[in-house]
1. Out of the residues in the stretch 12-28 meeting the condition of being open to solvent by less than 10 Å² (accessible area, probe 1.4 Å) and in a strand (DSSP E or B), tell me which one is farthest from residue 85 (Cα to Cα).
2. Against the condition open to solvent by 40 Å² or more (accessible area, probe 1.4 Å), assigned to a helix (DSSP H, G or I) and either modelled with pLDDT under 95 or not β-branched (Val, Ile, Thr) (or both), how does residue 1 come out, does it pass?
3. Under the condition of being open to solvent by less than 40 Å² (accessible area, probe 1.4 Å) and in contact (Cβ under 8 Å) with a residue 60 or more places away in the chain, which residue from the stretch 29-48 is nearest to the chain's Cα centre (by Cα)?
4. Please identify the pairs in which a residue from the stretch 1-27 that is under 26 Å from residue 46 (Cα atoms) has its Cβ atom under 6 Å from the Cβ atom of a residue that is surrounded by 15 or more Cβ atoms within 10 Å (Cβ to Cβ) and among the polar types (S, T, N, Q), counting only partners at least 6 apart or on another chain.
5. Quick one: how many residues across the stretch 66-118 are surrounded by fewer than 18 Cβ atoms within 10 Å (Cβ to Cβ) and assigned to a loop (DSSP other than H, G, I, E, B)?
6. Take residue 56 and tell me if it is open to solvent by 80 Å² or more (accessible area, probe 1.4 Å), more than 13 Å from residue 108 (Cβ to Cβ), modelled with pLDDT under 95 and of a type in the set (D, E, K, R).
Amino acid sequence: FYPTLLSSHSENVEVITQDELQINVVSSVRIRPIEDEVYFLHTRIGKDYYKNVVREDFRASIRNILTTYPINQISRKSPAIELEIKALLIERIKGKYLEIDDVNIDDINYSPKIQQEIEDKVTKQR
């Protein structure tokens, strides 16, 4: 028996934005083996397919997409960014017997300096 149900995996990734600011992004991906290709997945990659195939490509896809956005657009455009990350990840793991169901940006952690700048800006707008 080989599990073909969706599994969710989360990654915390440091990213430098287009405007050269550092953020930490927590993002998750839901994946599953393609049922008709389980034999090939098992014999060529193994049960630890997330660690062996998906993890590094997922992390790289997050970085590659988010570096094209300035920090002030990431939260606002996260649905479109999620779709871009998903599309890039699908391309990167093509032929690896896996299906990407969904990608989500779960949390964005700004550095203390950036958080303070945001708070200062909000305070000035009041």
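The values are calculated or read from the model by the stated rules, or taken from the named source; none is laboratory data. These numbers were taken from a predicted model, which means no experiment stands behind them. Using ideal geometry, Cβ is built from the backbone for each residue, glycine included, and neighbour counts are taken over all protein chains shown. Calculation scope for accessible area: heavy atoms of the full protein, side chains included, ligands and nucleic acids excluded. Shrake-Rupley method; radii C 1.70, N 1.55, O 1.52, S 1.80 Å.
1. So, considering only residues that are open to solvent by less than 10 Å² (accessible area, probe 1.4 Å) and in a strand (DSSP E or B), the one farthest from residue 85 (Cα to Cα) is 23.
2. Considered against the rule, which asks whether it is open to solvent by 40 Å² or more (accessible area, probe 1.4 Å), assigned to a helix (DSSP H, G or I) and either modelled with pLDDT under 95 or not β-branched (Val, Ile, Thr) (or both), residue 1 comes out as no.
3. 29
4. From residues that are under 26 Å from residue 46 (Cα atoms), the pairs are 8/28; 10/28; 11/27.
5. 9
6. Working: open to solvent by 80 Å² or more (accessible area, probe 1.4 Å): yes; more than 13 Å from residue 108 (Cβ to Cβ): yes; modelled with pLDDT under 95: no; of a type in the set (D, E, K, R): yes.
Here the answer is no, as residue 56 does not meet what is asked.
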